[in-house]
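Here, each number is a calculation from the coordinates, and none is a lab measurement. Note that the coordinates shown come from a computational prediction; the quantities given were computed from them, not determined experimentally. Note that we place each Cβ from the backbone using ideal geometry, even for glycine, and neighbour counts take in every protein chain shown.
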Amino acid sequence: MNAQQTRISVERATKRFSAGGLTVFDGLDLAVRDKEALCILGPSGCGKTTLLRTMHGLIPLDGGRILIDDAVVSAPRRNVAMVFQHFGLMPWKRVRENVAYGLELAGLPKATTDERVERYIEMVGLRGFERSYPSQLSGGMQQRAGLARALALEPDILLMDEPFGSLDALTREILQDELLRIYQLMPRTMVFITHSIEEAIAMGDRILVLSARPARVRELLQVDIPRPRTVDSVIAHPRFLPLRDHCWRLLREPAA
């Protein structure tokens, strides 16, 4: 696949919750290209996390469809991994066991599992903490472990649900730079949910801005800031402030 081919296709997607007849998003269309990082911004409650979970096949749509590699999504797929906001680590397992869990479920040979676990623990900066339990780690270290577990699957597509949203500002910026470094080493299709305009600009090749519920596309913006990036280099770029201000206006103004 080249960079212009579509990896994820969302076609007229609709999701309702029966309680109160709530429509979260309605007739949503979206195409995510191969090896691009797409960030999604939108008001609280507009269905960003729900959309990501439907992409992963964790919950069904009520209308429309989502395709990955031209196949309709109906259940989680092995080439798609998800990183959750609240780490998703099993507290009774050590770091090494948490990172290895998905590989063991997939039935990979022990030698392959051991090699990947060692490599990705090193990549996210957790060398020396392999035998620690999640309760012995800081929030940032727990999120590193969750990221290592997802990366160890070597997925084609990475879905990230506000992965740094619960961290303090300094830890968040450090992990943003870490993810930018990893993405530069191993580009892959990534859909990244965030409430932070600055984070969306730093991480994304494009930014999808959604309206309030029921969510519809307000605008799809190109982030014309070259890679490789760091958070500091993005903030210093002359395109940063115009992009931030434009996203801010889209989020504040009511949809027509």
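Taking 19 Å as the straight-line reach from the Cα of Lys110, the aspartates and glutamates in range (excluding those fewer than 8 positions away in the same chain) are Glu97, Glu118, Glu122, Glu130, Glu154.
A viscosity of 1.002 mPa s and a temperature of 20 °C, combined with the Kirkwood radius over C-alpha pairs in the Stokes-Einstein formula, give the stretch 89-154 a diffusion coefficient of 189 µm²/s. Helical runs (DSSP H, four residues minimum) scored at -39500 (n - 2.57) apiece and divided by the length of the chain put the mean residue ellipticity at 222 nm at -11000 deg cm²/dmol.
For the stretch 240-252, putting each phi into the Karplus relation 6.51 cos²θ - 1.76 cosθ + 1.60 with θ = phi - 60° gives couplings of 5, 4, x, 5, 4, 5, 5, 4, 4, 5, 4, 6, 7 Hz, in residue order, rounded to whole numbers and with x for Gly and Pro. The Cα center of the stretch 150-217 and the Cα center of the stretch 66-130 differ in position by 17 Å. The orientation-averaged projection of the convex hull spanning the C-alpha atoms of the chain amounts to 14.3 square nanometres. Our estimate of slack between Leu67 and Leu185, defined as 0.36 nm per intervening residue step minus the Cα-Cα distance, is 39.8 nm. Computed on the stretch 159-248, the Cα convex hull volume stands at 102 Å³ per residue. For a straight C-alpha distance cut-off of 17 angstrom, the lysines reachable from Lys15 (same-chain residues fewer than eight places away being disregarded) are Lys48. Charge dipole of the stretch 89-154 (Cα centre as origin; +1 on each Lys and Arg Cβ, -1 on each Asp and Glu Cβ, all else neutral): 180 debye, rounded to the nearest 20. Residues of the stretch 222-238 falling in the label zone of Asp245, defined by backbone nitrogen less than 17 Å from a point 7 Å along Cα to beta-carbon, are 224, 235-238. For the stretch 89-159, trypsin sites (Lys or Arg not before Pro) are listed when DSSP marks them as loop and at most 12 other Cβ atoms sit within 10 Å of their Cβ; the list is Arg127, Arg131.
Its relative contact order, with pairs defined as Cα atoms under 8 Å and 6+ residues apart, puts the chain at 25 percent.
Nearest 0.05, what FRET efficiency do Ile59 and Ile235 give at R0 = 25 Å with Cβ-Cβ as r? Once the sixth-power term is evaluated, E becomes 0.10. Rounded to the nearest whole Hz, the Karplus-based 3J(HN,Hα) values (6.51 cos²θ - 1.76 cosθ + 1.60, θ = phi - 60°) of the stretch 95-105 follow the sequence 3, 4, 5, 5, 5, 7, 4, x, 5, 5, 4, with x at glycine and proline.
Please give me the summed charge of the neighbours of Gln184: other residues whose Cβ is under 12 Å from its Cβ, Lys and Arg +1, Asp and Glu -1.
Once all neighbours under 12 Å are counted, the net charge is +3.
Assuming charge only on the beta carbon of Lys and Arg (+1) and of Asp and Glu (-1), the dipole of the chain about its Cα centre is about 340 debye to the nearest 20.
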